[in-house]
Each structure stands twice: as structure tokens, then as C-alpha cells.
Amino acid sequence: MLSLLGSRTAPGSHCDGLSRREILKIGALPLVGGFGGLTLPQILASDAAAGRRSHKSVIMVFLSGGPPHQDMFDLKMQAPAEVRGEFQPISTAVPGIQICEHLPRMASMMDRLAVIRSVVGSEGRHAAFQCMTGQRVNSQPPGGWPSFGSVVSRLQGTVYPGTPAFVGLSPRMKSSTWSDPGQAGFAGPAHAPFLPNADGADNLVLNGMTLEKFNNRKSLLDGLDRFKAAADAGSSVASLDAFQQQAFGILTSSRLAEALDVSGESPETLARYGGGSYEPAGYGDAGPLHNHYLLAARRLVEAGVRVVTLAYGRWDWHGRPHGTNFENARDHLPRLDQGVTALIEDLRERGMDEDTTVIVWGEFGRTPRINKNGGRDHWPRVSCALLAGGGMDTGQLIGSTNRLGEHAVDRPVHFQEVFATLYRNIGIDTSVTTIRDFSGRPRYLIDHNIHRPLPELI
């Protein structure tokens, strides 16, 4: 049986008898919803009855490895065969806009999407860092650049006690740069993402958890009852540090656990999103191909989380012997198509689409020319992004590339312009807002004198 409580005389214990490590170890509990006796719908109904308004939020979907822009949203039918590839374009709900034949659901709701074909400014690293921060890895200030979610957590705080502002759903992978959900940087460690699927109690995670394991309600109830009883019997938790305070709040609230337990959804909703595997894709080094992560993201936002990040699939398709670019795309694109469109439809049906921004992108694009192994290699000169919701002006393409998809020729869009837009959507003005780094110097969130929110989307 898991022991929640340590000796009251153990070295390093706080006055309430719980050591820092013991409280963090509670993250090993098989958390499920309902330990406060309320389901997520009941919690939300209570909020509505109390007159609580919805909050702004962002869901970031990171396509680990760099998706092929010219095989998704920027097909080059007039290019030579070694550039054009195997896929055909299809018409969409917006006249004049065509996208890949393997994205039919996105095509049918193009009026609710905005596609950027001309994302520039990638530093070419195989990493989530630039998609999480908008910044380059080199020349970081003291403390390091904070991710978008950590900035939002620092500036806006939590929506509800016991619900973190920032949750990273990506599990640990062999490639740590891809499993990076976003670092706290100089926003401070208290604003690091809560990680339900990572390993290691020191990171305030639910140790060893996956979404499919949220099914043992009795052990949770028993364990939490003991934990609450001990906490009530001891002195105030005010002496706990920021990490412990966060752990205590999360583990004594049913809101987060309920949000992560997707089994409470109807069979129709689960089928709409589709399934997949909870294991990291590829060689264990990239995001899982399971659309319930997208459903969990919606539930987390609904429960009060401001920013959710997740990695999806393995898009680093260099070719044989690991499958050609097009073989892999035939597997990944329909899954992404189903999951992302289900998320967007779900948000709209729940009245959350105006307040929730969805962004889907990767760290760079792929080479125009198909290599001898049937793959496309790394191409940092241009890439693509998909956005939806957030009250944005959708149903449009932004930017274009040349005939071969090599570089932007119209309206290049820098990573930081996208971030300025995300910050605006969530209620933060990048032209005036700063956070002090660890040396005490105030830092703007982006290069504010250069980059502004995309006027096309406002």
C-alpha cells in the first residue's frame, strides 16, 4: 500500500509532518475524477450558477519533427515531379483555397481556419523551444526565455484554486527536445507547466500516469482521504514552498483530475475524436498519435487551464527504411485531420471557440526536393501553421511561397508575430508588458518594436 504520510520527526519535515518530497510523491497516485464527489459537468454547472465567466485560453499542438508544408497546405502542382509529390489538392469551404486531399475535414471547415503558408524565422533546431517561446535558443537572458504558458501563468495566475494555469500533456520521450512542453525560464519555477504524463516526482508530475490509467477511483479516494485528514490535523500549509503549495492545491481539488479523465465523455464524443496509441510515436522519440490528448486539452481548458501544450506524431520523414514522406503522411494526416477538426467543432458547440485559440505547427518545414529515399529533409527557410478560434478572422490564407515552396514571396510571418497574436488573444499586450529576468532586468515578451499581432487575424 502506498504510504502518503511520513514520520513527523523525519529530517527535513515541515511543521505539519509532511516533507517536500513526500508531498510531491503524492503525484504517484492514480488520480481520477470525482474525488470531491463532483463530476466535471457538475463542477462547470456550479461555476455557471455562481455567474463565473469563461476565460481566454490557448491550445498549442506541436508537430514533432517538422511537418511538410508542401504536402499539407501549400501543394505545388506546377512544380516538377521531384518537388510536387504524390498528393492532390482538394477544394475547401472557402472558394479559391485548396489543401491536401488527406485533410478533407479541415477542407470542409476552412471558413473556421486560418492557414499561414509563410512562417519564417526558424533557427532549424529539432526542438519544441521556438514553438513554445517564439525565441531562439542562443543568447538567452539570465534564467532563460520562458515559454508562452509560463508567461501567462506568471502574468494572469490561475483561474481556479487547485487548477494550474499551464498544463503540458506530452509524455517523456527519447528526444527530450521534442517532449519539452515549455520551460519556466525567468518567469520562475512556480510557473512551470504541470505535467500529468511525465516521470519524476521532483517536477510536480503525476508519476507514471497516462490518460488511459485514470480508472482506479477507490484507491484515489482512500489515499486522498488520508492525505486530507493529515493535512487538517497538522498546522497550516502556509509554510510550504511554491511547488508544495501547487501540489497541495491540485491534489485536494477534483477539477484537474476530472478534466484529465476522458472516460466520462459520451461514446459519440470519443468516436468523433478517434483513438490512437498512448505510446510516443516513431521510435519512442516523438508525440503520441492519440486524439484523446486533444479531447483532454479541451476538458482542461473547460476546467480552468489557460494554456495546454501537447506534441502530436513524428513528422521527421527522411525516407526509407523508415517509410517515405508520403507513406507516413498517409498515416498521420488523416489522424490529425480528425482530431483537430473534432477539437474545433467541440469548442464551438460548447461556446468556447471565441475564447480559445488553437494553433498547430512544427519547428520548421521540409525540403522542396524529395530525396533519393523518398523523404523530405529539414527546411528552416519556411514552414506553415494552422490557427482557429480565439475570435480571429478565419477562412483565409496568409502568405505564399514561390513555385517550388522554397521561401516566402508574399507576407512572410515571423514566429514572433504569431506569438504576439497569441498573447493578444489571451489578453496580454506585448507592446508594453515586461517580466524581469533573474538579473532584475525587465524583458519584453517578444521583439515588440519589430513584431506585432497579425492584422489579418484581428
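Please treat every number below as a calculation from the coordinates, not as lab data. Source: prediction; values computed, not measured. For neighbour counting, all protein chains shown are included, and Cβ atoms are generated from backbone atoms with ideal geometry for every residue, glycine included.
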Students often get this wrong: which residues of region 374-399 have the backbone nitrogen under 18 Å from the point 7 angstrom along Cα-to-C-beta of R348?
386-397
Tell me, in nm to one decimal, what length is gained between M77 and Q140 on full extension, where the rule is 0.36 nm per residue of separation less the Cα-Cα distance?
18.5 nm
Ranked highest first by the average count of other Cβ atoms within 10 Å around their residues, in what order do 87-94, 167-174 fall?
167-174, 87-94
Applied in sequence order to region 421-426, the curve 6.51 cos²θ - 1.76 cosθ + 1.60 (Karplus, θ = phi - 60°) yields integer Hz couplings, x standing for Gly and Pro, of 5, 4, 4, 4, 4, 8
Of 327-335, 444-452, ordering from highest average Cβ density within 10 Å down gives 327-335, 444-452
Say R0 is 22 Å: what FRET efficiency, to the nearest 0.05, do E456 and E101 get from their beta-carbon distance?
0.25
What distance in nm separates the simple spin-label points at E86 and Y283, each placed 7 Å from Cα in the Cβ direction?
2.2
When the expected Rg is taken as 2.2 N^0.38 Å, what fraction or multiple of it is the alpha-carbon Rg of region 342-453?
1.31
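Between S400 and A45, what's the calculated FRET efficiency when r is the beta-carbon distance and R0 is 41 Å? Round to 0.05.
Values: r = 47 Å, r/R0 = 1.14.
It comes to 0.30.
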Specify the inter-centroid distance of region 420-439 and region 295-321, based on alpha-carbon positions, in whole Å.
23
Cα centroid of region 271-294 to Cα centroid of region 128-195, whole Å:
22
Calculate, for D377 and R441, the FRET efficiency according to 1/(1 + (r/R0)^6) with r their C-beta to C-beta distance and R0 45 Å; round to the nearest 0.05.
0.70
